[in-house]
């Protein structure tokens, strides 16, 4: 993990949540790097990758398949997804320290999806450093990201005796379904960009986000945690519903911070979405409210995919003037309130509920 990793973002968390998160963080980081080291071991490549050691170039595989993925993990994102797996395990009577591979699974899937997202968006930076496709090229990064994403199935299968037949089957089922619907959402997102369409109703955007973004952000980690903890199916449904609501809120706040960050450690280009011509909820809101000249100016800037900070600033000003940024924040808080109601109905103790409530609050008030 990188040496300059800071946990100062925990100042936006409640004290008990921050303490609990920091208590599990060393174990989470160790679990992830241990799992990666195992999969990168040349002695197990024949089993995991179907590549015999004698018929491959280890240095080539390390440089192009392992190194980009390791780089994403070593940049130390906040590790919130594996933390949620820990929360689920504890909340339903389990011990996260006995399930390191399943804790790591959530971050392996998330980081893999980031590699693929960065290709789709042609993002130059991720977590303060070059994106994978800028390191090794689009084709190699795409193949590596897809390969690591599907490693999730092997991570589950290798622990099938520990997990038991029912949990193994359910994890496989949920992984397959989440991969499928995320592919649907990404296809819709790319089609919008390809056809340069900007007349979508807000509800259509939110449905696309439900497919594209909420899965690997929070819905799937909650399912992983609940299933590994052997929670009832009714509780897993609540966990998934919570993950979906807070995943939507996370994306809305992420879109706002992208154009108007409040933290110097944001780790991405300011208004990168504007430069990529991305159609987000705040864009759709602004297009529906702006004056005719401002609407056309915003469309022109988006279609130009400009890197000019001054042009991007004009677009951000239009978003602000129409109230789109404030309304997206307001909707994120409504989603937080719905997530809070779901938590109140979960069959976990008061302390676990309070921590998850604090986690949901952190998502909507964070600065990065």
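Numbers at a glance
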| read-out | value |
| --- | --- |
| Any hit, segment 285-297, residues being under 28 Å from residue 114 (Cα atoms) and out of contact with any helix residue (DSSP H, G or I) (no Cβ under 6 Å at 6 or more places or on another chain) | no |
| Filter result for residue 259 (touching a residue at least 40 places away in the same chain (Cβ under 8 Å) and crowded, with 20+ Cβ neighbours inside 10 Å) | yes |
| Which numbered condition residue 151 misses (of (1) under 16 Å from the mean Cα position of the chain (by Cα); (2) more than 30 Å from residue 303 (Cβ to Cβ)) | (1) |
| Residue in segment 128-136 that is surrounded by fewer than 14 Cβ atoms within 10 Å (Cβ to Cβ) and more than 22 Å from residue 78 (Cα to Cα) present | no |
| Only one of 335, 319 that is crowded, with 21+ Cβ neighbours inside 10 Å and either over 28 Å from residue 11 (Cα atoms) or over 25 Å from the mean Cα position of the chain (by Cα) (or both) | 319 |
| Flag for residue 71 being under 30 Å from residue 236 (Cα atoms), surrounded by 16 or more Cβ atoms within 10 Å (Cβ to Cβ) and modelled with pLDDT under 85 | no |
| Verdict on residue 299 being surrounded by fewer than 19 Cβ atoms within 10 Å (Cβ to Cβ), within 25 Å of residue 186 (Cβ to Cβ) and in contact (Cβ under 8 Å) with a residue 60 or more places away in the chain | yes |
| Meets criteria (surrounded by fewer than 19 Cβ atoms within 10 Å (Cβ to Cβ), over 18 Å from the mean Cα position of the chain (by Cα) and not in a helix (DSSP H, G or I)) for residue 352 | no |
| Residues within segment 177-197 that are touching a residue at least 12 places away in the same chain (Cβ under 8 Å) and in a helix (DSSP H, G or I), tallied | 12 |
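Residue by residue, here is whether (1) surrounded by fewer than 22 Cβ atoms within 10 Å (Cβ to Cβ); (2) at pLDDT below 90; (3) touching a helix residue (DSSP H, G or I) at 6+ places or on another chain (Cβ under 7 Å) holds:
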| residue | (1), (2), (3) |
| --- | --- |
| 124 | yes, yes, yes |
| 138 | yes, yes, yes |
| 143 | yes, yes, no |
| 155 | yes, no, yes |
| 162 | yes, no, no |
| 169 | yes, no, no |
| 181 | yes, yes, yes |
| 187 | yes, yes, no |
| 194 | yes, yes, no |
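The values are calculated or read from the model by the stated rules, or taken from the named source; none is laboratory data. Just so you know, these numbers come straight off a predicted model, no measurement behind them. Glycine also receives a Cβ, built like all others from the backbone with ideal geometry; neighbour counts cover every protein chain displayed.
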